Amino acid sequence: MKRALLSGNEAIALGAWCAGVRVGAAYPGTPSTEILEELAARPDVYCEWAPNEKVALEVGIGSCLGGARSLVAMKHVGLNVAADPWMTLPYIGVNAGLVLVVADDPGMHSSQNEQDSRYYARMSKVPMLEPADSQECLDMVRAALELSERYDTPVLLRVETRISHSRTVVEYREERVGADLPYEKDAVKRVMIPGHARLRHPVVIARLEELEREAESPSMSVVEMRSSRVGIVTSGVCYQYAREAFPEASILKLGCVYPLPRKAIREFASHFRRVYVVEELEPFLEEGIKALGIDVVGKARIPRDGELDPTLVGESLAELIEMDTGVKHGGWSPPAPHAAIPAESELPGRPPVMCPGCPHRGLFYALNRNKAVVSSDIGCYTLSVLPPLAGIDCQVCMGASVGMALGMERAFATSEANAEKAGRVVCVLGDSTFIHGGITGLIDMVYNRTVSTIIILDNRTTAMTGFQDHPGTGRTLMGEDTHALDLVELCRAVGVESVRVVDPWELEEMEAVIREEMEAPRTSVIVSRRSCVLRERRAGVFYRVDEEECTGCKRCLRLGCPALVMRGERAEVQQDLCVGCSMCAQVCRPGALREVRADG
Amino acid sequence: MADVLLAGVGGQGNVLSARVLAQAALSMGYDVKTSEVHGMAQRGGSVVCMVRWGEKVHSPLIEVAKADFLLAFELLEGLRFLRFLGGEGTAIVNDYRLDPLPVLRGDAVYPEGAMEVIRSYAAGTVELDARELAAQAGDPRAAGSCILGALSVFLDFPAGVWEESIRLSVPPRAVEVNLGAFEAGRKAGPHPA
């Protein structure tokens, strides 16, 4: 037996490998990214970065039908992308087991919304398991795969940021079971023409009843009886918070959050006048329990947005529980803030920023100079929404920027109120994002003869999630060399007449090219190409300010580079942060920024 | 049983230091939980990691005013997370200022006397110039190991446990520098009374 400290993501990968998973597919997305990276580091398992989550799931469907246990991983919003195949997969079922790991992000540490993925389980009539620590991550992946095979259904494993990115102790045997099922053709079951699908839907419904019996099993529904007066129903990381907030409370911890184990819930609730539900985001468990006619309180007291923590859980429920039961709050209550400690609001914030030398900085500087209306996508470059660049007008989800630019352009072109904005719409998106969801929007633009400019910020990696490869980088997740998708040729092939490649460190050229393409009455693409500065630095060069020449005009500060500071009336370069990109020197009118070579 | 909060700026390496510390606590036979920050916040933003150990640990999160130790990799971040430190807790503070963008642009003022504020709240605050000490040991990026060295005098983990933990957690080529930085940090701080 080994004992190790593993993150939830590492434990999921280890559990999948031990359970004999032979195919893993994903598109990177915080907080789920490390699952596939960890799985790919192990032998005898094919792992891939798919272009997007929908393709990742389709790969998983194919491989489980082909007899290989399979794992697909994505962040919560990725499941929206994969929702189309996901909703029909339960009809056709699996052959070998298939588990889809979906990572929710309450508090939006690194996301654009905080949707609650548990509703996908209900909508698709698929069981969903939810681990409360890394040990359960490891154990539940295997349980999910076995359940999947036993009931011929895909299974959802839901984690949250605090499960994925918390390290907790795991005990395990590094042994792998074999899983290799024969494939046999069964078109009535696997080809969803209406006549077949009508036969399969009742099967899906009947299966749910059987799955509920599994949810009732003691390995899934854990009852901890302590207090005879206070009973809490919870799941996932919220179990840990409830445990600390109310150490004496009795707890029903649900390992399967859909379908709900109604018998276990009724039995647990029968001991109490009322039960309390501790869950993050939506009142998913609460609604299910309420439907059983049980007196339950949850979201009336506990916030529906953001993350919970033990203090918040305690503060939300303590008063009510004492009123209901007379039991005083046994958890931690923080003292009043000490007078010496400044309030968070009094301190300067430290938002994430684009790195010194980041190629995106030059692009957004040039866009601002052209007074563009910018439809943006999701990536590091979204950080340019913050001052001083403040260079983004709108952003929704992966790949949306292109279609949004098209729609906005059509609105401006037919408007009197916004006539001066017509022809000024520019769309920006990353290389990985363009492949993920932007290419179809571009086809739409060309097809429908749209006057707009698409800028692909090609930094040769998926930077935001930690430098994952993608179809344009020429390398696979397995570390093999492969064909590198040529973005320029791809854009030309869909009918874009003007495709130009520019180095975003060359500010003047970038500004001129953007101006020309914004003026041109056609769909055009600019590939803003330079490797992410965290991957490829310019060695041995940095800049310094000549104090005699600096007039203190702060023009260089408009770049928003963290290496540039004002010291009194003069600008200063923090040399240990400077990577020598030269953009500040290019914008400095008096020429006060001088290149220095470290070798003398 | 101890709760340690590591506050710093994305890129300073406090995620790695949290792993070294957690690994050491694991080797001591404790139940351990950590919480890390990944993704967008790492791009130069405020980054906080939490490490908790004891006989049994439930929540991976440390509650306000409950941390036994605050390891501040940067002064402003030390100030920002000071409210997590318990009244009896100890702050170990890297005497290093890294201006956030709003300060660089002149839209906000970096709080003066951050170290004094921390000291006035937390008696026995340990101050050290971890970057300088780590630079002397061979690489300023090993500042985190230096801070862990200063923490180590307050804990009863044997030297071998720390060494093994550093070897397990940092890249092989950085092991010696980090061991050196750890020793420098261990010697730098005052020892507990």
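Values in this text are rule-based calculations from the coordinates and carry no lab data. None of these values were measured; they are calculated from a predicted model. FYI the Cβ positions are ideal-geometry reconstructions off the backbone, even for glycines, and counts take in every protein chain you see.
Comparing Cα centroids, region B:76-115 and region A:22-61 end up 40 angstrom apart.
Here the residues A:482, B:125, ranked from fewest to most Cβ neighbours within 10 Å of their Cβ, fall in the order A:482, B:125.
Taken residue by residue and averaged, Cβ atoms of other chains lying within 10 Å of the Cβ of A:157-166 number 3. Averaging the sequence gap over all C-alpha pairs within less than 8 Å and six or more residues apart, then dividing by the number of residues, gives chain A a relative contact order of 11 percent. Run the Debye formula on the Cα coordinates of the protein assembly as shown, all scatterers equal and no solvent, and tell me log10 I(q)/I(0) at q = 0.07 1/Å. Cα-only, vacuum Debye calculation for the protein assembly as shown: -0.56. For region A:359-529, averaging the sequence separation of C-alpha pairs within contact (under 8 Å, six or more residues apart) and dividing by the residue count gives a relative contact order of 26 percent. Put a dot 7 Å past the Cα of residue A:4, heading toward its Cβ, do the same for residue B:1, and the two dots end up 3.0 nm apart.
Separation of region A:453-469 and region A:282-305 by C-alpha centroid, Å? Spelled out, the Cα-based centre of one part sits 41 Å from the other.
Charge dipole (Cα centre; +1 on Lys/Arg Cβ, -1 on Asp/Glu Cβ; no other charges) of chain A amounts to roughly 580 debye. Taking the average, over residues, of other Cβ atoms within 10 Å as the packing measure, peptides A:22-35, A:359-372, A:387-400 rank A:22-35, A:359-372, A:387-400 from highest down.
For residue A:125, the lysines whose Cα falls under 18 Å of its own Cα, not counting residues fewer than eight places away in the same chain, are A:189. For the residues of B:6-13, the average number of beta carbons from a partner chain within 10 Å of their own beta carbon is 1.
Per the helix-only calculation at 222 nm, which mean residue ellipticity applies to chain A, given -39500 (n - 2.57) for every DSSP H run of n ≥ 4 and division by its residues, nearest 500 deg cm²/dmol? Mind dumping the intermediate values first?
Values: 20 runs with 202 residues, N = 600.
The helix contribution divided over chain A gives -10000 deg cm²/dmol.
Rounded to the nearest whole Hz, the Karplus-based 3J(HN,Hα) values (6.51 cos²θ - 1.76 cosθ + 1.60, θ = phi - 60°) of region A:136-151 follow the sequence 5, 4, 4, 5, 6, 4, 5, 4, 5, 5, 5, 4, 4, 6, 5, 10, with x at glycine and proline.
When shorter helices are ignored and each DSSP H run of at least 4 residues is given -39500 (n - 2.57), the per-residue value for chain B at 222 nm works out to -11000 deg cm²/dmol. In terms of other Cβ atoms within 10 Å, A:544, B:173, A:42 run from fewest to most in the order B:173, A:544, A:42.
Between amide H atoms placed 1.01 Å from N, distances below 5 Å from residue A:580 occur with A:543, all of them 5 or more places distant or on a separate chain.
A full extension of the chain between residue A:483 and residue A:414 corresponds to an added length of 20.5 nm, given 0.36 nm per residue minus the alpha carbon distance. Note on chain B: with a GNM built from Cα contacts shorter than 10 Å, the maximum mean-square fluctuation among B:113, B:124, B:86 falls on B:113. Take every DSSP beta bridge whose two residues both sit in the protein assembly as shown; close to 35 percent of them are antiparallel. Other protein chain C-beta atoms within 10 Å of residue C-beta, averaged over B:92-104: 4. In this structure, the residue pairs whose Cα-Cα separation is over 18 Å, taken from A:299/A:328; A:54/A:75; A:2/A:253, are A:299/A:328; A:2/A:253.
Pick out, from A:501, A:326, A:26, the residue whose Cα sits farthest towards the positive end of the charge dipole of the protein assembly as shown, with +1 on the Cβ of Lys and Arg and -1 on the Cβ of Asp and Glu. Going by the charge dipole, the pick is A:26. Region A:199-236 and region B:137-181 have Cα centres lying 46 Å from one another. Stretching the chain fully between residue A:448 and residue A:180 yields a gain of 91.7 nm (0.36 nm per residue, less the alpha carbon separation). Which of the three applies to region A:42-159, rounded, prolate or oblate, going by the alpha-carbon gyration tensor with a ≥ b ≥ c and a/c under 1.5 meaning rounded? In terms of gyration-tensor shape, rounded. Annotation: amide H of residue A:474 within the under-5 Å range of A:485, sequence separation 5 or more or interchain, hydrogens built in the peptide plane. The HN-Hα couplings worked out from phi for region A:387-394 by the Karplus form 6.51 cos²θ - 1.76 cosθ + 1.60 (θ = phi - 60°) are x, x, 5, 6, x, 10, 9, 7 Hz, whole numbers, x standing for Gly and Pro. The order of A:74, A:1, A:123, B:28, going from fewest to most other C-beta atoms within 10 Å of their C-beta, is A:1, A:123, B:28, A:74. A Cβ-based charge dipole, computed about the Cα centre of region A:541-597 with Lys and Arg at +1 and Asp and Glu at -1, lands at about 220 debye. Taking amide hydrogens as placed 1.01 Å from N in the peptide plane, the amide H of residue A:160 sits under 5 Å from those of A:104, each at least 5 positions away in sequence or on another chain.
In order along region B:47-54, the Karplus-derived 3J(HN,Hα) couplings, from 6.51 cos²θ - 1.76 cosθ + 1.60 at θ = phi - 60°, round to 10, 10, 10, 10, 10, 10, 9, x Hz, and Gly and Pro are given as x. Each Cα pair under 8 Å and six or more residues apart adds its separation to the average, and for region B:45-193 the resulting relative contact order is 19 percent.
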